[in-house]
Amino acid sequence: MFLEEIGRIAKIFKSLIKEKRVRIFSHLDADGICSASIISKTLIREGTNFELKILKQLTREEIKNLRIRESDFLVLTDFGSGQLDLLRDLLDRAQVLVIDHHESKAIEHLNLFHLNPLIFNEEEISSSMVSYLFAKSVDIKNADLIDLAIVGAVADEQDEKWEFRGLAKRILEEAETIGKIVVTKGLRLYGRITKPIHKTLEHSFDPIIPGISGSESNAVQFLSELGIAVREDDEWKRLKDLTLEEQKTLASAIIIERLRSKHSDAEDIFGDIYTISGRPEELQDAREFATFLNACGRFGKADIGIRICLGDLEAVSDALCVLEEYRKLIGEIINWIRENEAILTKDFGVYLFGKNFIPETLIGTITSILLNSNLIDTNKPIFGFAETDSGEVKVSARVSRDFKLINLGKIVSDASRQVEGEGGGHVSSAGALIPKGKEDKFVQAIEDMLGETFGKRER
Ligand SMILES: [Mn+2]
């Protein structure tokens, strides 16, 4: 059903865009940037002019400022499904294609083309993957954009424990078949290409390496005890530079450390590694490519992200600079959280108060990092708060995927309504915008709801 609808809309799209003013609006995260790039490339190949704008969020304000013309054909990627209410007026005047994977109300309108796996009761795939399926339906030559589909999906953490399932897995296999991506099993450690190996170990919290995660000096010592040099020819060695023998030594040593601290799944340190062919070295690891895009989006440099996706080699060095700044800022924020005791742990949830120190564009990233760290009780959902430029408070919520008892999107949506805010999202990640000063009331609403759920379940 979903795939048929993609095909049907692709046909309509192809004929409509010739006489329309096409305008793409996309979310600023990596999935949004990949989706926008896939649609952009498709339009370039169709010989159609278009506008492209990356937005923090599709708000009432943004929609009001669109200056819609009758001839407009809007493409919204990685948002739109949750904002259909706000689009009602606009739909009477222009045609809108929404490609998204966030929770949605089913709204029918003659001018609305809505591609979201959830409304077809399909399993969730990222917006980039939906965009790819759509682009390929428009023209089969767009099949080469499949690496961007994978990068966006990885960025949205669609591959739990580094392994895709279902439709996403079939798309990955397709990428392998056409030789765009090589999948190998390897250590589930982030930073193969862009980080010194001791940093990779220090920053690994999932999988955790007891005694080494979180400590640079212990990581260096650990490697030297294994006889693995951290430097070679005056350059830091990366995971990618290790010989097969060294990789094996490292893997066994990590497993031994985990066994020693009685980890239940000590050997759960391997996952799928996606190597992209035909891209510059810095972008060959899909996970690191995703981080580049996230950094660009979060720093207001989404244009650089789009350019690297579209294959502009000159943009890669700009993206490297942005990534550097991004990592520095994340480090500063984590230190600030430690020093300012910004975390409150209650009976059912963990709450992070970012005040005006944590930028609203980073609060989601920071909550995800904390959920994979030893800084909080990761058996509870985490809710991060950050003040926005417009004087409201942005909430980002995350919960570990093993925690299957709640639907975070629904809980956040209900709690937001109780404090006159707006929110929603997915089962394991959600967001909201609430009035400033209502944080305590929001926390209480969450605690009450979770208390009710778990109180009942225990009885
Ligand atoms: Mn997404």
Among Val130, Leu3, Ser213, which residue has its Cα furthest toward the positive end of the charge dipole of the chain, with +1 on Lys/Arg Cβ and -1 on Asp/Glu Cβ? Leu3
Please list the equivalent ellipsoid semi-axes of the stretch 186-329, computed as the square roots of five times the alpha-carbon gyration tensor eigenvalues, in descending order and whole angstrom. 30, 15, 15
Residue separation times 0.36 nm, minus the C-alpha to C-alpha distance between Asp89 and Asn121: what's the value? 8.8 nm
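Which percent of the accessible heavy-atom area of the stretch 2-143 goes to carbon and sulfur, probe 1.4 angstrom?
Details: 2860 of 6090 Å².
Carbon plus sulfur share of accessible area: 47 percent.
Rounded to the nearest percent, how much of the accessible area of the stretch 340-458 (1.4 Å probe, protein heavy atoms only) is carbon and sulfur?
Details: 2530 of 5490 Å².
C and S atoms contribute 46 percent here.
Just the number: Rg to Rh for the chain, Cα atoms, Kirkwood Rh, two decimals. Working shown, then result.
Numbers: Rg = 22.3 Å, Rh = 23.1 Å.
Using only Cα positions, Rg/Rh for the chain is 0.97.
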Surface accessible to a 1.4 Å probe, per residue, for the residues of the stretch 194-322, Å²: 46
Counting sequence-distant residues (5 or more places) and residues on other chains, those with an amide H built under 5 Å from that of Glu103 are Gly425
Taking R0 as 35 Å, what's the FRET efficiency between Trp236 and Glu267 from their Cβ-Cβ distance, rounded to 0.05? 0.80
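Is the stretch 2-143 rounded, prolate or oblate when judged by the Cα gyration tensor, a ≥ b ≥ c being the square roots of its eigenvalues, rounded requiring a/c under 1.5 and prolate requiring a/b larger than b/c? All intermediate terms of the calculation are to be shown ahead of the outcome.
Values: a/c = 1.30, a/b = 1.09, b/c = 1.20.
Rounded, because the longest to shortest axis ratio a/c is under 1.5.
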Given a 1.4 Å probe and every protein chain left where it sits, what share in percent of the accessible area of the stretch 176-248 is carbon and sulfur? 50
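What are the membrane-span-like helices in the chain by this rule: whole DSSP H runs, Cα extent along the axis at least 27 Å, mean Kyte-Doolittle hydropathy at least -1.0? Please report the intermediate quantities before stating the final value.
Numbers: long enough: 315-339 (36 Å, 0.26); 439-458 (28 Å, -0.82).
Passing helices, by number: 315-339, 439-458.
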Computed on Cα atoms only, the convex hull of the stretch 340-458 has an orientation-averaged projected area in nm² of 6.7
Computed about the Cα centre, the charge dipole of the stretch 254-314 from +1 Lys/Arg and -1 Asp/Glu charges at the Cβ has a magnitude in debye, to the nearest 20, of 240
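Compute the length gained on full extension between Gln444 and Glu46: take 0.36 nm times their separation in residues and subtract their Cα-Cα distance, giving the result in nm to one decimal. Mind dumping the intermediate values first?
Values: separation 398, 0.36 × 398 = 143.28 nm, distance 5.24 nm.
My answer for the length gained is 138.0 nm.
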What spacing in nm lies between the two simple spin-label points modelled at Asn356 and Leu405, each 7 Å away from Cα in the Cβ direction? 3.9
In the P(r) worked out for the stretch 177-271, what percent of Cα pairs fall beyond 21 Å? 28
Run the numbers for Glu5 and Arg67: contour at 0.36 nm per residue of separation, minus the present Cα-Cα distance, in nm. 19.4 nm
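The values are calculated or read from the model by the stated rules, or taken from the named source; none is laboratory data. This one's a predicted model, so the numbers in the text were calculated from it and none came from an experiment. Note: ideal-geometry Cβ built from the backbone for every residue, glycine included; neighbour counts use all protein chains shown. When the accessible area is computed, the model is the full protein with side chains, heavy atoms only, and any ligands, DNA or RNA have been set aside. Shrake-Rupley method; radii C 1.70, N 1.55, O 1.52, S 1.80 Å.
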